[in-house]
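Here the structure is laid out as structure tokens; the discussion comes afterwards.
Computed from the coordinates by the stated procedures, all read-outs in this text should not be read as laboratory data. Only a predicted model underlies this, so the values are computations on that prediction, with no experimental measurement involved. Neighbour counts are summed over all protein chains in view; Cβ atoms, including those assigned to glycine, are modelled from backbone coordinates with ideal geometry.
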Ligand SMILES: [Zn+2]
């Protein structure tokens, strides 16, 4: 027997265009015409109801969590790079390494600033060379107001938006000390953009974050408790129904899972994740 769904799928490209949707939940598979009340799009996949999108979310949150693996990046140590460039001496590097033994919270760059008087700009330029990306050190760059990112997500991942190119949807994203590929992938997924990373000095990062904190914050709900994914999916569903959201986008950083609800009102939900979770571990 030929089902309505299969007939519609055949007709769709020729006659019906984008006004026909088939539910993204395989066990549902309903097909609907036009705008359908209660339908929600999750990362560009259409779901016919809150029940279906909650089930879809559960699958998505699990697969997102499993993707939360940073690419291993082999880099020459910062101190050796500075030594090789004759910016520091071998004895200064030894002293900085000793200093870090006594102050394990301090980074090698901070230790070298104190011991060898290395500037923040040189540290940022050398870290950028380590990661193969540009550095941005000028305080004259205008604040990037176009990219709407939740402040807490930026703060926890030590990253700040520096420039938004709307035509190509490219975001220049500044990092401190190291690139966070997991946070970059999360932002690309939620904003549907391409992220180009750069390294900032500590002073510039603090200045940008201060300016961002003084702007009108986005409407955001933060969940510091580490809920399991079925609990998170239920909370998201409740918010979707409460504000009548028509679109959900999910991005998983190293510290937060970021859920953006769009239309008619925008809202961000941030769920804390354990920093040391192994990929695939139930959290
Ligand atoms: Zn459905």
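Quote the relative contact order of segment 135-214 in percent (integer), defining contacts as alpha-carbon pairs under 8 Å separated by 6+ residues. Numbers along the way, then the final one.
On the way: 106 pairs, mean separation 27.1, N = 80.
Value for segment 135-214: 34 percent.
Quick check on segment 135-214: of the DSSP beta bridges with both residues there, what percent are antiparallel, nearest 5%?
Numbers: 6 of 14 bridges.
Just about 45 percent of them are antiparallel.
Take residue 75 and residue 265, extend 7 Å from each Cα along the Cα→Cβ direction, and tell me the distance between the two endpoints in nm.
Placing both labels 7 Å beyond Cα along the Cβ direction yields 4.1 nm.
Between residue 138 and residue 167, 0.36 nm times their residue separation minus their Cα-Cα distance comes to what? Kindly include the intermediate steps, with their values, before the conclusion.
Numbers: separation 29, 0.36 × 29 = 10.44 nm, distance 2.46 nm.
Using 0.36 nm per residue and subtracting the Cα-Cα distance, I get 8.0 nm.
Would you mind ranking 139, 157 so that the residue whose beta carbon has the fewest other beta carbons within 10 Å leads the list?
Lowest count first: 139, 157.
Taking the 0 to 90 degree range and rounding to the nearest ten, how far is the long axis of helix 90-102 tilted relative to the main principal axis of the chain, both from C-alpha atoms?
Rounded to the nearest ten degrees, it is 60.
Output the antiparallel fraction of DSSP beta bridges having both residues in the chain, as a percent to the nearest 5. Intermediate results must be reported in sequence, preceding the final value.
Working: 24 of 38 bridges.
Rounded to the nearest five, the antiparallel share is 65 percent.
Rounded, prolate or oblate, given the Cα gyration tensor of segment 135-214, with a/c below 1.5 counting as rounded?
Working: a/c = 1.41, a/b = 1.27, b/c = 1.11.
Rounded is the answer for segment 135-214, as its axis ratio a/c remains below 1.5.
Name the most mobile residue of 187, 143, 199, meaning the one with the largest mean-square fluctuation, in a Gaussian network model of the chain with Cα contacts below 10 Å.
Comparing 187, 143, 199 in the GNM, the peak value goes to 143.
Under the classification rounded if a/c is under 1.5, otherwise prolate if a/b is larger than b/c and oblate if not, where does segment 85-192 fall, given a ≥ b ≥ c as square roots of the Cα gyration tensor eigenvalues? Please report the intermediate quantities before stating the final value.
Values: a/c = 2.74, a/b = 2.09, b/c = 1.31.
Here segment 85-192 falls in the prolate category.
Give the relative contact order (percent, whole number) for segment 78-131; include only Cα pairs under 8 Å separated by 6+ residues. Before the final figure, lay out the partial values.
Numbers: 38 pairs, mean separation 20.9, N = 54.
So the answer I get is 39 percent.
How do 114, 35 line up, fewest other C-beta atoms within 10 Å first?
Working: 114 13, 35 9.
Listing 114, 35 from fewest to most nearby Cβ atoms yields 35, 114.
Who wins for biggest fluctuation among 113, 105, 130 in a Gaussian network model of the chain, springs between alpha carbons below 10 Å?
Highest fluctuation of the listed residues: 105.
What's the FRET efficiency of residue 194 with residue 89 using the Cβ-Cβ distance as r and R₀ = 35 Å, to the nearest 0.05? Mind showing how you got there, number by number?
On the way: r = 41 Å, r/R0 = 1.18.
For residue 194 and residue 89, the calculated efficiency is 0.25.
Relative contact order for the chain: what percent, with Cα pairs under 8 Å and sequence separation of 6 or more? Let's see the in-between values first.
Details: 448 pairs, mean separation 50.8, N = 283.
This gives 18 percent for the chain.
On full extension of the chain, what length is gained from residue 102 through residue 210, given 0.36 nm per residue of separation minus the C-alpha to C-alpha distance? Mind showing how you got there, number by number?
Values: separation 108, 0.36 × 108 = 38.88 nm, distance 3.07 nm.
Additional length available on full extension: 35.8 nm.
What shape does the chain have by the C-alpha gyration tensor, where a ≥ b ≥ c are the square roots of the eigenvalues, rounded means a/c under 1.5, and otherwise prolate means a/b greater than b/c and oblate the rest? Walk me through the numbers before you get to the answer.
Working: a/c = 2.53, a/b = 2.31, b/c = 1.09.
Taking the square roots of the gyration eigenvalues as a ≥ b ≥ c, the chain is prolate.
What spacing in nm lies between the two simple spin-label points modelled at residue 222 and residue 246, each 7 Å away from Cα in the Cβ direction?
Computed distance between label sites residue 222 and residue 246 equals 3.1 nm.
What does DSSP give for segment 220-272 in terms of the percent of beta bridges that are antiparallel, rounded to the nearest 5?
Working: 12 of 16 bridges.
If I count the DSSP bridges inside segment 220-272, around 75 percent turn out antiparallel.
Using R₀ = 41 Å, calculate the FRET efficiency as 1/(1 + (r/R₀)^6) where r is the Cβ-Cβ separation of residue 231 and residue 178; round to 0.05. Walk me through the numbers on the way to the answer.
Values: r = 31 Å, r/R0 = 0.76.
The calculated FRET efficiency here is 0.85.
Could you work out [θ]222 nm for the chain from helices alone, using -39500 (n - 2.57) per DSSP H run of at least four and dividing by all its residues? Round to the nearest 500 deg cm²/dmol. Can you show the working numbers first?
Values: 10 runs with 111 residues, N = 283.
Calculated at 222 nm, the ellipticity per residue is -12000 deg cm²/dmol.
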